[in-house]
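Only one structure is covered here, and it is reproduced in the block below.
The values are calculated or read from the model by the stated rules, or taken from the named source; none is laboratory data. It should be emphasised that the depicted structure is a prediction, and the values quoted were computed from it without experimental measurement. A quick note on method: Cβ atoms are made from the backbone with ideal geometry, for glycine too, and the neighbour counts reach across all protein chains shown. To get the accessible areas, we keep the full protein, side chains included, count just its heavy atoms, and leave off ligands, DNA and RNA. Shrake-Rupley method; radii C 1.70, N 1.55, O 1.52, S 1.80 Å.
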Amino acid sequence: MNTTSCPPPAALTIRKLVVEVVEARDLLPKDGQGSSSPYVVVDFDGQKKRTSTKYRDLNPVWNEMIEFVVSDPEHMDSEELDIEVFNDKRYGTNSGSGRKNHFLGRVKMYGSQFAKRGEEGLVYLALEKKSVFSWIRGEIGLKIYYYDQLAEEAHPPPQNLPPPEDPPQSQEKPILLAPIEICHEGTHSPPHVVTQPQVVHYHSEPPADPDMPPQQPEAQYTPEIRKMQRGGNGGDRVRILRRPNGDYSPRVISGKFATESERIHPYDLVEPMQYLFVRIFKARGLAHNEIPYVKIKASSHYVKSKPASHRPGEPTDSPEWHQVFALRQNRPDSASATMEISVWELSSEKFLGGVCLDLSNVPVRDPPDSPLAPQWYRLEGDATDQHGSVSGDIQLAVWIGTQADDAFPEAWHSDAPYLAHTRSKVYQSPKLWYLRVTVIEAQDLHIAPNLPPLTAPVIQVKAQLGFQSLRTRRGSMNNHSASLLFNEDLIFVAGEPLEDSLVLLIEDRTTKEPALLGHILVPVSSIEQRTDERHVASKWFTLEGGGCGGGGGSYCGRIHLRLCLEGGYHVLDEAAHVCSDFRPTAKQLWKPPIGILELGILGARGLLPFKSKGPGKGSTDAFCVAKYGKKWVRTRTIPDSFDPRWNEQYTWQVYDPCTVLTIGVFDNWRMFADMSEEKPDSRIGKVRIRVSTLESNKVYTNSYPLLVLSRTGFKKMGEIELAVRFACPSMLPDTCAVYGQPLLPRMHYLRPLGVAQQEALRGAATRMVAAWLDRSEPPLGHEVVRYMLDADSHAWSMRKSKANWFRIVAVLAWAVGLAKWLDDIRRWRNPVTTVLVHVLYLVLVWYPDLIVPTGFLYVFLIGVWYYRFRPKIPAGMDIRLSQTETVDPDELDEEFDTIPSSKAPDIVRARYDRLRMLAARVQTVLGDFATQGERVQALVSWRDPRATKLFIGVCLLITVVLYVVPPKMVAVALGFYYLRHPMFRDPMPPASLNFFRRLPSLSDRLM
């Protein structure tokens, strides 16, 4: 799996960046003779180099490699690479009087877009303007990659090529003029905060946190993440007055989690939870024993460690544990509180010694402090030890900290059972590609000769990739050559590490029994990757096997294919309307992030029981899952609690604000299952938050209802408390420019995929993501992944159909309201308003140049007016919009039915009849729309000769009148006629409407 950047190399290595300038296309002529003499200047990390000049060439080809030394590999992601193209004026006859070379375009890239050597690809980037008045066109093809080289093998960087006589003047501009805070993120929250002004650096999302083996507790996996500082005081939180919104609406909860210190706490979105950490390293000089273990007893906590292990070659009296315990401190311990740590033998429960520690002297560790150094403590015996059988020392480290401590993720928690299925983890979705298989033709196939007369063979190609299977249409015979033409694209979803193989089978389906004519096997890892629409060379593959006879080495024919892995698409694994990421597969095409999304999962309230503990007792073991982009997070499981408190905080990088964060709550059943049995986790509820609805650098602390829709109906399962902040520059150009860019990558518009095809590919991608996360440890069950990804959103539902209909009605409500308002005006319900409308109409008719400005002014005033009614908090699930309160039980049962249906035939027949009735209504509406359109066509089609004569005669009369009478007078007359008083108006329909309704349509021709 590719990450944004590799960790910084060792001290004896040097990182180098290679920029291969391949070519440029369709450059702008600037030499006054219809051409240009371009060269390229590359600027990176204060090093500026250039290519050679191509004389009078608008499509130059350089194929030159430029190499830079990366001075700070750790912060390479924050570096900018500027590539500018100029026209060398020394080669032009009409160069003008200016001293500077002509600017032909520029490209700016960031270190997060660089690929490692071996993973690079040829990328064509459109040349951009330097200013608003620049006239630029064309694109440039580049290959950019980096590699690490040993220092003793590294050579001095090549000297810069001599610059032209008049080198171009480049001005470096800062990206952002706001201060930021740089944080190192582990599993939960950054332990170090440093403030830097003026420049924003970003690192991409960290990969899934690997499991830390207990034998190496000192190892820390802290991939970097850099985020912007929010406005205002660091410790102040935004508080909104509570307002009752109903039982099923989000509500504001009081922000009580700001730290009292002036320094920004890394867990500032959640409530700090105090833990007593005990890290047990090893012991030495113990009395004779076989397998010792450690007991810890402090106030209400009593825990045991795992059995000790021995290093090879070490004495048996020096066992090692390397285990961390986190004991929850609900209230400050008194000065007399103590903790007992004792060593026992596992088989005989023999006491080997113990230590008693005074908790009043335990130090408090607050990140970014370094880990506490362990100390050796002398083991002491109890009162019954009269012979001095206790001996040895134990190495411990004891401190008080919070969930921000770097030892918290892998610690044994007193408020959660020590099981693999209960730990908090970060997961990473697999990198998915679209595999395009173009079947062109097949030749020399061994087709059965004994076909009936006038019967053409039915030859098809079947392609398989894992569980995905597609088949081409029937091949057409070529009369000039013994070949079959297909020319059809088959698209699959392939996931890294690309270990599968593509299988193609050529089948003869002329008879009932398909006959295999041959097959080929192509490893997916050997297929060429592309990031744009450039042409990929096709290849001939020799077929194997089949019914060609003559042994395994006989010739069975060949097939012509074009294979490529599409890196320019975004592989959808979520529903399009709730997608959390739109980046393409190829990392080289990623844009820099625009902000940081921070989520604090505080806890849940009032959860319903899901398990039975005994007569009249129930329990719930809840955990939370959040998904945004490729990064999934899972909180620890709080056992047997209806009001669990997680207080865990996570961060994501945001590349597009028009995305959705999904949070789901589940009841853990896998913790009770054996390895052989499968117990899926139960869903408690889900919340979606659209990032674009969040104001920049503002903390939202809200409680959302957890709603579940099942066969039995709609139910509220509890509430979840969340704190969300979108750290982003509010109105800077980079942020605003995102709204003007295409939502999907470029390839989706150059070579679009069909709706049905994309839905099928989404189903395959969802299945691959679920299988990948199910293989993690602890596994994220497929039922959890499918629920978070809305895998069943495309299924038929009468309830959703009604909801969509009412959404359309709500969208058109403004037009209905405008029509009612106009009707009230023309009926003189309010004479003052009608007179004012007359005056406004006269002004606009006499000064028509004021119509457009007045319209935009009116829209602006509407926006300002509605600012008073803007939503104060991010919206959750809307039960009224979802039509869950008024849904029929039979419609719910139909929504959750399987495909094919598992219901009785009479129930299926009743549902089919109901669907036919609904379809009849839709059919009638569609017929009415068609009728109105056909009547418009009948005005000039002479289907009704009298009507057409009347219409064209009226048109001629209107033409003469408009030629004679000034148009302003006509507009005033028509407007006043429309707004005339009701006493001058006939209650019957007007003649024009009666004329239109009498026009013929084609409905009388339907059978």
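Of the residues making up segment 274-285, those that are on the phi < 0 side of the Ramachandran plot and either open to solvent by 10 Å² or more (accessible area, probe 1.4 Å) or free of Cβ contacts under 8 Å to residues at least 60 places away in the same chain (or both) are GLN274, ARG279, PHE281, LYS282, ARG284. Candidates PHE486, PHE467: the one that is at pLDDT 90 or above and open to solvent by 50 Å² or more (accessible area, probe 1.4 Å) is PHE467. Looking at segment 885-942 only, could you name the residues that are at pLDDT below 85, charged (D, E, K, R) and open to solvent by 90 Å² or more (accessible area, probe 1.4 Å)? Once the filter is applied, which keeps residues that are at pLDDT below 85, charged (D, E, K, R) and open to solvent by 90 Å² or more (accessible area, probe 1.4 Å), segment 885-942 yields only GLU885. The residues in segment 380-408 that are farther than 30 Å from LEU602 by Cα and modelled with pLDDT of 85 or more can be counted, and the count is 6. Evaluation of LEU661 against the conditions (1) within 19 Å of SER424 (Cα to Cα); (2) within 19 Å of the chain's Cα centre (by Cα); (3) without any contact (Cβ under 8 Å) to a residue 40 or more places away in the chain shows that the sole unmet condition is (3).
Scanning segment 742-792 for residues that are without any contact (Cβ under 8 Å) to a residue 12 or more places away in the chain and outside any helix (DSSP H, G or I) yields PRO742, PRO752, GLY754, ARG775, ASP792.
Within segment 758-775, can one find any residue that is surrounded by fewer than 17 Cβ atoms within 10 Å (Cβ to Cβ) and touching a helix residue (DSSP H, G or I) at 6+ places or on another chain (Cβ under 8 Å)? Checked segment 758-775: at least one residue is surrounded by fewer than 17 Cβ atoms within 10 Å (Cβ to Cβ) and touching a helix residue (DSSP H, G or I) at 6+ places or on another chain (Cβ under 8 Å). Look at (1) assigned to a strand (DSSP E or B); (2) within 19 Å of LYS100 (Cα to Cα); (3) acidic (Asp, Glu) and you find that ASP31 fails only one, number (1). Among the residues of segment 42-76, none is identified as within 33 Å of the chain's Cα centre (by Cα), open to solvent by 80 Å² or more (accessible area, probe 1.4 Å) and at pLDDT 90 or above.
The strands (runs of 3 or more DSSP E) found entirely in segment 619-718 that carry 1 or more residues being buried (at least 23 other Cβ atoms within 10 Å of the Cβ) and of a type in the set (Ser, Thr, Tyr) are 622-628, 645-654, 699-710.
Among the residues of this structure, LEU950 does not count as one that is more than 29 Å from ARG827 (Cα to Cα) and under 55 Å from the mean Cα position of the chain (by Cα).
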